1. Kirkwood hydrodynamic radius for the chain: how many Å is it when counted over pairs of different Cα atoms?
2. Find which of SER32, GLN21, LEU57 sits farthest along the positive direction of the dipole of the chain, computed with +1 on the beta-carbon of Lys and Arg, -1 on that of Asp and Glu, about the Cα centre.
3. How large is the helix-only mean residue ellipticity at 222 nm for the chain, computed as the sum of -39500 (n - 2.57) over DSSP H runs with n ≥ 4, divided by its residue count, in deg cm²/dmol to the nearest 500?
4. Starting from the Kirkwood Rh over alpha-carbon pairs, what translational D in µm² s⁻¹ does region 1-81 have by Stokes-Einstein at 25 °C and 0.890 mPa s?
5. Report P(r) for region 1-138: all Cα-Cα distances, bin width 10 Å, range 0 to the bin holding the largest distance, values in whole percent.
6. Counting only Cα atoms, I'd like the Rg/Rh figure for region 131-180, Kirkwood definition for Rh.
7. Expressed as a fraction of 2.2 N^0.38 Å, the rule-of-thumb size for a compact globular protein of N residues, what is the C-alpha radius of gyration of region 89-150?
8. Can you tell me the equivalent ellipsoid semi-axes for region 112-235? Use √(5λ) from the Cα gyration tensor, largest first, whole Å.
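The numbers here are math on the coordinates, done by the rules we state, and not lab data. As the structure is a computational prediction, the values presented were derived from the model and not from experiment. Heads up, the Cβs are rebuilt from the backbone with ideal geometry, glycines too, and the neighbour counts pull from every protein chain shown.
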Amino acid sequence: MLEGLLNKRAGDFHQIVPFNQAADKLFSFDFSENNKELTTEQIADTESFANYINSKLKTNNCKYGIGGYNEHRTLYARSKHFDAGEEPRRLHLGIDIWGEAGTKVMSPADAIVHSFAFNNNDSDYGATIILTHNIEGNSFHTLYGHLSLNSIKNLREGKRITKGEVFTEFGMRFENGNWPPHLHFQIILNMENWKGDYPGVCKFSERDHWLKNSPDADFILQMNKYLWRSTARHL
């Protein structure tokens, strides 16, 4: 399986964001119902939400915050974008890296641009890029959401991106779907005819299907082992 191959080749991937493993701290965010500190009102107001994020990073002296894979998130109630149908979408399929707008993003491996788009719904991805990689004859994709509009200006499908190349950056709220600055990073095995977009949040009842096609992005990131585990992070 591709998961086994990604795990075997974990040490070969380039880091996605500039992170000094020896010096930088990484904060673990929890956006499930276990987080009693973050209120519905804060989540609904992007400036208040951003202040919460920035306060946690500053207080814990962390450069980035991270988390979210397979997390059932109450915060998606902030937008009707996730509420179509009888069952709302709440289960997160990627990993979020929270940091400053303009943070550079690098490709983990050689790639070509599969597709890109400006998904400009409230709380959507905003500017989005999807890359295709091939390892030992196995193709898979990585999705980068909440980017700057400048990242997709003059971009073209099929463009070659080299391992470690800076090809995009974190966007600001007016271009990233109205979120505090962060990167949504997701592995996708089969794009299923999607272009420039792919669900990053699914219905809980469909969890197994979607997680099978989007395995844990930390197979590539390899960042969770550097988490700064503050005992106060959920209070």
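1. Working: mean 1/r = 0.0560 Å⁻¹.
For the chain, inverting the mean 1/r across all distinct Cα pairs yields 17.9 Å.
2. Projecting each Cα onto the dipole axis, the largest value belongs to GLN21.
3. Working: 5 runs with 37 residues, N = 235.
Taken over the chain, the calculation gives -4000 deg cm²/dmol.
4. Numbers: Rh = 15.1 Å.
Translational diffusion coefficient: 163 µm²/s.
5. 9, 32, 36, 20, 2
6. Details: Rg = 12.9 Å, Rh = 12.5 Å.
Result for region 131-180 is an Rg/Rh of 1.03.
7. Numbers: Rg = 12.9 Å, N = 62, 2.2 N^0.38 = 10.6 Å.
Compared with the compact-globule rule of thumb, region 89-150 sits at 1.22.
8. Values: eigenvalues 101, 77, 55 Å².
For region 112-235, the ellipsoid semi-axes come out as 22, 20, 17 Å.
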